[in-house]
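Peer 1: If you scroll down you'll find the structure; I have some questions about it.
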Amino acid sequence: MNKKMKKWKEKFVNQMKKIRTEHLVKKFVKNNLLFLTFVLTCLLNSTLLRFFTMPTIENYLSFKPILADLGVVILLGSFAYLFKNKNRFTYLLVLNIFFTLICIINSIYYTFYTSFASASMLSLAQFIAPVGDAVVENVLQLKDLVYVIGPLILVFVHFKLKKRHYYRIEDTKNERKKKSLHGVITAVIILACFTLSLSSLEVGRFIKQWNREYIVMRFGIYLYQLNDVFVSLQPKINSIFGYDQAKKNFEEYFENNKKEHESNKYTGIFEGKNVIVIHGESIQDIALFRTFNGQEVTPNINRLAKEGMFFENYFSEVSVGTSSDTELTFNTSLMPTKSGTAFVSYFDRVYNSIPKYFKEKGYYTFSMHANNADFWNRRAMHNSLGYDKFYSKETYEVKEEDVIGLGLSDKSFFAQSVEKIKKIKEEKGTPFYGLLISLTNHTPFSDVEKYDPFDVSIKETVTKEDGTTEEVIHPYMEGTKLGNYFKSLHYADAALGEFLSALDENGLLENTVFILYGDHDARLPKSDYIRLNNYDTATDSVKDSSDPTYQEYNSYHYELDRKVPFIIWTKDNLVSGRVSDTMGMIDAMPTLGNMFGFENPYALGHDIFSIKDNNVVVFPNGNWVSNKVYYNSQKGEYMSLKDEEVISEDYIEQNNEYAEKLLDVSNDIIVFDLLNKNKEKEEKK
Ligand code: GP9
Ligand code: MN
């Protein structure tokens, strides 16, 4: 055979091989069309979910979650081959619908909570249901339903195949077993490759599961949700196992972080005074001192902030328990739990709380909220927190015309509450500590016609050529969710003003400290903030980002804008001034404790007047903020808050470690009931 011939032969053999492989692939696709459609639609859905919820380059380019999703889908899908043709489709369809539901639920959940859903929230469904309307009205969008296309494609392919008599040839039992095994082996190989690609940090975070975005971005939605079920069962399992280790870590933490609290100029200044605390639903700093056409959004809160002590860099530290998480953090100086919520899953633990310390001082303690007493399990938890009495909806008259949004309007709530407080003062004859939880300023802020009118447009008086003037109206924030939020808050602020006047008229402001905090941000869309900062009256639209006057608004600006007010005010202006050091809800108890003369040795926050500019505020997702930096733990990046200062890696690392330890110890205290002295005694027996 000469050289030329040899070459020809080689070419021919290669060509034949190619044809055979192509043939094999074709045959494989043809024989497994239904299964492949199932795999691809499930993969498409999970990828779309990730792209829609976290539209970042890192996420787009991330290959790991695709591997993980593929592994899970093939693994579970492979069992379809164990069924005969007739039932195989049913199995794949049920599985496909299940995966689709995971995507839809997470898509809706993400829009509402900027996080992924957790099975631990199932026990909270009853608390979310009343806010359900808000979800449907404001959140359910086309992008949440696009996933339905997965099962639809599967059904379509199924009928097409049926028409082509695809199902006529039935595999033998052995063949089916073999196919299923091949599928499982393929899935195991894919999952093994995926596991090998993981770093120890990624594995660690997967086990802890509190940084949900981080996990979905690396492990895909299906593996996340599977793991979540196990983690959600942990409250039950956890409190059985791991107590000794938790106790050891807890003792070590407080040994290393022993607080020698030094007294400062505020120590004991309020001892013996009555206290009224307002839990202000969704009040954010962005509304304070803001005006539209010369009108303040929050004139009453502004007055309190100007006359009293205003903590202007104060952050709420909520997780999925929103309002209830803030109540926990404010009252106990502990963080929300890593899974579930303390109010629901751990209401039966012992807490060192503000009401309990006041009770020790002979105060009468109460809470008031005109919503269902079981919402957020308050009926049980307010008892655990040490309130003598919880005045819930049952104790208020709720007339139809007084209902706004979620329930009784703030104006009616406060008016009725004043009567109750008056009675308490007369009957008890002791100082009192009372928490009033407002309700009207709750998302979706859509009962606009029921709020006091408040204009969020821009009105301009323009002089025309002939010298006459004309009023031009630019819509600005009208019709936006943020605009409606300002309207709603303007109403809530007016209710607060009326409350203060009524308290004053009844002599209830004498010898009383009035405290107001915003419980968390209002979960408003970023695009509305961009509009707020970049509106162009010349075009009546948002400026283009290329415009030289365009103000950048990134995710850090958004996080910083989630700040809430914290104000301490007395009628005789005992305290005043702005406190600018970064502070969190967790620091309220130690700061107030110093002023009222009590100290919780197991508080995880700090008296801001002792720690001053060294404070670090940790969020449940591992992000943290100090006077210098806002750190995003999901991205592992930060934004410097002081242009001139160089931030060292040590500083970031130290605070990361601090954040992780704080979250761990706080969670252990609650889960293992570590403040329960009786439990300790029982252990020793
Ligand atoms: C309900 C109210 C709102 O009683 O506190 O709770 P949230 O939805 O803000 O957690
Ligand atoms: Mn709330």
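The values are calculated or read from the model by the stated rules, or taken from the named source; none is laboratory data. Computed from a predicted model, the values in this text were never measured in an experiment. Cβ coordinates were reconstructed from backbone atoms using ideal geometry, including for glycine residues, and neighbour counts include every protein chain displayed. SASA here: full protein model, heavy atoms, side chains in, ligands and nucleic acids out. Shrake-Rupley method; radii C 1.70, N 1.55, O 1.52, S 1.80 Å.
Peer 1: Restricting attention to the stretch 498-522, and to residues there that are in contact with a helix residue (DSSP H, G or I) (Cβ under 7 Å, 6 or more places away or on another chain) and over 17 Å from His279 (Cα atoms), which single residue is farthest from ligand 2 (Cβ to nearest atom)?
Peer 2: My answer is Asn506.
Peer 1: Go through (1) in contact with a strand residue (DSSP E or B) (Cβ under 7 Å, 6 or more places away or on another chain); (2) open to solvent by 50 Å² or more (accessible area, probe 1.4 Å); (3) not hydroxyl-bearing (Ser, Thr, Tyr) and name the single condition Lys423 misses.
Peer 2: (1)
Peer 1: Looking at the stretch 34-55, which of its residues are outside any helix (DSSP H, G or I) and surrounded by fewer than 15 Cβ atoms within 10 Å (Cβ to Cβ)?
Peer 2: Correct list: Pro55 only.
Peer 1: Can you tell me which residue in the stretch 516-558 is most open to solvent (accessible area, probe 1.4 Å), limited to those that are among the acidic types (Asp, Glu) and out of contact with any His (no Cβ under 8 Å at 6 or more places or on another chain)?
Peer 2: Glu552
Peer 1: Which fully enclosed helices (runs of 4 or more DSSP H) of the stretch 293-404 have 3 or more residues being open to solvent by less than 20 Å² (accessible area, probe 1.4 Å) and of a type outside the set (D, E, K, R)?
Peer 2: Correct list: 299-307, 322-332, 354-360.
Peer 1: Next up: If a residue has to be of a type outside the set (Val, Ile, Thr) and assigned to a loop (DSSP other than H, G, I, E, B) to count, how many in the stretch 580-628 make the cut?
Peer 2: Qualifying residue count, the stretch 580-628: 21.
Peer 1: OK, next. For Phe414, all conditions in the list (1) within 13 Å of ligand 1 (Cβ to nearest atom); (2) outside any loop (DSSP other than H, G, I, E, B); (3) within 25 Å of Met589 (Cα to Cα); (4) open to solvent by less than 40 Å² (accessible area, probe 1.4 Å) hold save one; what is the number of the exception?
Peer 2: Of (1) within 13 Å of ligand 1 (Cβ to nearest atom); (2) outside any loop (DSSP other than H, G, I, E, B); (3) within 25 Å of Met589 (Cα to Cα); (4) open to solvent by less than 40 Å² (accessible area, probe 1.4 Å), only one is false for Phe414: (1).
Peer 1: Which residues, taken from the stretch 328-380, are within 16 Å of ligand 1 (Cβ to nearest atom) and free of Cβ contacts under 8 Å to residues at least 60 places away in the same chain?
Peer 2: Leu328, Phe343, Phe347, Ala373, Arg378, Arg379, Ala380 - these are the residues of the stretch 328-380 that are within 16 Å of ligand 1 (Cβ to nearest atom) and free of Cβ contacts under 8 Å to residues at least 60 places away in the same chain.
Peer 1: List pairs: first in the stretch 428-442 and outside any strand (DSSP E or B), second hydroxyl-bearing (Ser, Thr, Tyr) and more than 9 Å from ligand 2 (Cβ to nearest atom), Cβ under 7 Å, 6+ apart or cross-chain?
Peer 2: Lys428/Tyr364; Thr430/Tyr363; Thr430/Tyr364; Pro431/Tyr363; Thr440/Ser409; Thr440/Ser488; Thr440/Tyr491; Asn441/Ser488
Peer 1: A follow-up question, please. Looking at the stretch 269-288, can you tell me whether even one residue there is in a loop (DSSP other than H, G, I, E, B) and free of Cβ contacts under 8 Å to residues at least 40 places away in the same chain?
Peer 2: no
Peer 1: Let me ask another. Taking the stretch 558-579, which residues are more than 25 Å from the chain's Cα centre (by Cα) and touching a residue at least 60 places away in the same chain (Cβ under 8 Å)?
Peer 2: Passing the criteria: Ile568, Trp569, Thr570, Lys571, Asn573, Leu574, Val575, Ser576, Gly577, Arg578, Val579.
Peer 1: Now a separate question. Of all the residues that make up the stretch 467-502, how many are surrounded by 20 or more Cβ atoms within 10 Å (Cβ to Cβ) and farther than 30 Å from Val318 by Cα?
Peer 2: 1
Peer 1: Looking only at residues in the stretch 369-392 that are basic (Lys, Arg) and away from ligand 2 (no atom under 16 Å from the Cβ), which one is modelled with the highest pLDDT?
Peer 2: Per the stated criteria, the residue is Lys389.
Peer 1: Can Ile276 be described as among the β-branched types (Val, Ile, Thr), farther than 30 Å from His606 by Cβ, surrounded by 20 or more Cβ atoms within 10 Å (Cβ to Cβ) and more than 16 Å from ligand 1 (Cβ to nearest atom)?
Peer 2: For Ile276, the condition - among the β-branched types (Val, Ile, Thr), farther than 30 Å from His606 by Cβ, surrounded by 20 or more Cβ atoms within 10 Å (Cβ to Cβ) and more than 16 Å from ligand 1 (Cβ to nearest atom) - is not met.
Peer 1: With respect to Asn256, determine if the residue is in contact with an Asp or Glu (Cβ under 7 Å, 6 or more places away or on another chain) and open to solvent by 40 Å² or more (accessible area, probe 1.4 Å).
Peer 2: No: the conditions fail for Asn256.
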